[in-house]
Amino acid sequence: MTRSYAVVDVFSAEPLLGNPVAVILDAAGLDDARMQAIARWTNLSETTFLLPPTSDAADYTLRIFTPRNELPFAGHPTLGSAHAAIEAGIVPAGQTRIVQECGVGLVTIQCDTVDGQRLLNFGLPAGTLTPLVADDVDLLDAIIGQPVRRAPQPAIIDVGAVWIVAEVANPQTLLSLRPDFARMAALEARLGVTGVSLFARYPDGGLEVRSFAPSSGVDEDPVCGSGNGSVALFQARSGMLPGNSRYVARQGGCVGRDGRVRISIDGEGGVTVGGAAVTVATGVLAV
């Protein structure tokens, strides 16, 4: 049997500069083990599988796998899969509101065209914030080789994907980090988190972000939607940003990418994550 697939670069309008996601466009009939095997084989941060919806409110069901495990939600796979669904005609090209059914429930994706370019964004699922205990903050310092800021206190943010979020002194320090991935994976496993997303602020209000998930088989995620969303939620809940804030985060420079993530925070603290996407490959998968 063969399956159609696409590889979509997310958070970039230019191929090879964003975060690729492999999207299996006709996944009906694949069992869990085969989906995991395909994701392990593609060896991308995530591979997704489009399935018929079980809810009348949804356009499709999406299952999301890292090379090692399934996730109930992830950001760049959500946007990349919506882009692929539009390109494949699964969702009509003129439809501006797409509803994805996934492990965290229904996620709405807005599709807009700005200066001829398709921009996609999603509302971040409602998340929880749990402060990271002091001993684990000290351990995080040791793992990354630099101190993180203690105010506001680093936290675990759960938006379906679960991230340890902390701020680093400045972008130069963040870009220089060489974490101990074995110790980071052990920390992630003990705390039951997906990974670690660190950020630093530029004087113009933009952010530099790096996301690491070695316990999921992804030492550094090139450009991470849920990680960036968790950073935004952390800032909003910690009082670092007022409501109705907007900024653009940069990510991927340390792994040869140049992603741009558009973040907006509404007056109620809700977070929207968005950016461009471009298809870089299409084909047929024999499984």
**OP:** For segment 206-218, indicate whether the set of residues that are under 17 Å from the mean Cα position of the chain (by Cα), hydroxyl-bearing (Ser, Thr, Tyr) and more than 19 Å from Val21 (Cβ to Cβ) is non-empty.
**Re:** yes
Original post:
Which condition breaks for Ser81 when tested against (1) closer than 28 Å to Gly256 by Cβ; (2) in contact with a Gly (Cβ under 9 Å, 6 or more places away or on another chain)?
Top reply: (2)
Subject >> Set Thr128, Thr113: member being open to solvent by 10 Å² or more (accessible area, probe 1.4 Å), out of contact with any Cys (no Cβ under 8 Å at 6 or more places or on another chain) and modelled with pLDDT under 95 >> reply: Thr113
**OP:** Considering only segment 105-123, state which residues are touching a residue at least 40 places away in the same chain (Cβ under 8 Å) and more than 16 Å from Ser81 (Cα to Cα).
**Re:** Gln117
**OP:** Just one of (1) closer than 14 Å to Gly252 by Cα; (2) in contact with a helix residue (DSSP H, G or I) (Cβ under 7 Å, 6 or more places away or on another chain); (3) open to solvent by 10 Å² or more (accessible area, probe 1.4 Å) trips up Leu177, so point out which.
**Re:** (3)
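Just name the residue that is most open to solvent (accessible area, probe 1.4 Å) out of those in segment 235-286 that are assigned to a helix (DSSP H, G or I) and of a type in the set (A, V, I, L, M). Let's see the steps before the verdict.
Kept after step one, since they are assigned to a helix (DSSP H, G or I), are these residues of segment 235-286: 235-237, 253-255.
Of the ones still in play, those that are also of a type in the set (A, V, I, L, M) are 236, 255.
On the way: Ala236: 28, Val255: 58 Å².
Once the filter is applied, the top-ranked residue is Val255.
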**OP:** Kindly provide the set of residues from segment 44-80 that are touching a strand residue (DSSP E or B) at 6+ places or on another chain (Cβ under 9 Å), closer than 22 Å to Gly195 by Cα and of a type in the set (S, T, N, Q), ordered by number.
**Re:** Ser45, Thr47, Thr48, Thr66, Thr78
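Ala88 - would you say it is more than 21 Å from the chain's Cα centre (by Cα), among the aliphatic types (A, V, I, L, M), surrounded by fewer than 14 Cβ atoms within 10 Å (Cβ to Cβ) and at pLDDT 95 or above?
Numbers: more than 21 Å from the chain's Cα centre (by Cα): yes; among the aliphatic types (A, V, I, L, M): yes; surrounded by fewer than 14 Cβ atoms within 10 Å (Cβ to Cβ): no; at pLDDT 95 or above: yes.
Judged against the criteria, Ala88 is not a match.
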**OP:** Would you check which residues across segment 91-112 are over 18 Å from Leu25 (Cβ atoms), in a strand (DSSP E or B) and under 18 Å from the mean Cα position of the chain (by Cα) and list them?
**Re:** Gly105, Leu106, Val107, Thr108, Gln110
Original post:
Taking segment 127-141 on its own, how many of its residues are farther than 17 Å from Gly195 by Cβ and in contact (Cβ under 8 Å) with a residue 40 or more places away in the chain?
Top reply: 0
Original post:
Would segment 180-195 turn up any residue that is open to solvent by 50 Å² or more (accessible area, probe 1.4 Å) and among the aromatic types (Phe, Trp, Tyr)?
Top reply: yes
Subject >> Residue that is surrounded by the fewest Cβ atoms within 10 Å (Cβ to Cβ), among those in segment 210-222 that are not small (Gly, Ala, Ser) and not in a strand (DSSP E or B) >> reply: Pro214
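Please determine whether any residue of segment 187-201 is free of Cβ contacts under 8 Å to residues at least 12 places away in the same chain and among the basic types (Lys, Arg). Please lay out each step first, then the result.
The first filter runs over segment 187-201 and keeps only residues free of Cβ contacts under 8 Å to residues at least 12 places away in the same chain, leaving 190.
Narrowing the set further to residues that are among the basic types (Lys, Arg) leaves 190.
Within segment 187-201 (the criterion being free of Cβ contacts under 8 Å to residues at least 12 places away in the same chain and among the basic types (Lys, Arg)), the answer is yes, since at least one residue qualifies.
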Original post:
Just a yes or no: is a residue in segment 31-46 at pLDDT 95 or above, over 24 Å from Ser215 (Cα atoms) and aromatic (Phe, Trp, Tyr)?
Top reply: no
**OP:** Would you mind stating whether Gly243 is out of contact with any Leu (no Cβ under 8 Å at 6 or more places or on another chain), free of Cβ contacts under 8 Å to residues at least 40 places away in the same chain and more than 18 Å from Ile157 (Cα to Cα)?
**Re:** yes
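The values are calculated or read from the model by the stated rules, or taken from the named source; none is laboratory data. If you're wondering where the values come from, they're calculated on a predicted model, not measured in any experiment. Because the Cβ atoms are built from the backbone with ideal geometry, glycine has one as well, and the counts that use them run over all protein chains shown. Please note that ligands, DNA and RNA were not included when accessible areas were found on the heavy atoms of the full protein model with its side chains. Shrake-Rupley method; radii C 1.70, N 1.55, O 1.52, S 1.80 Å.
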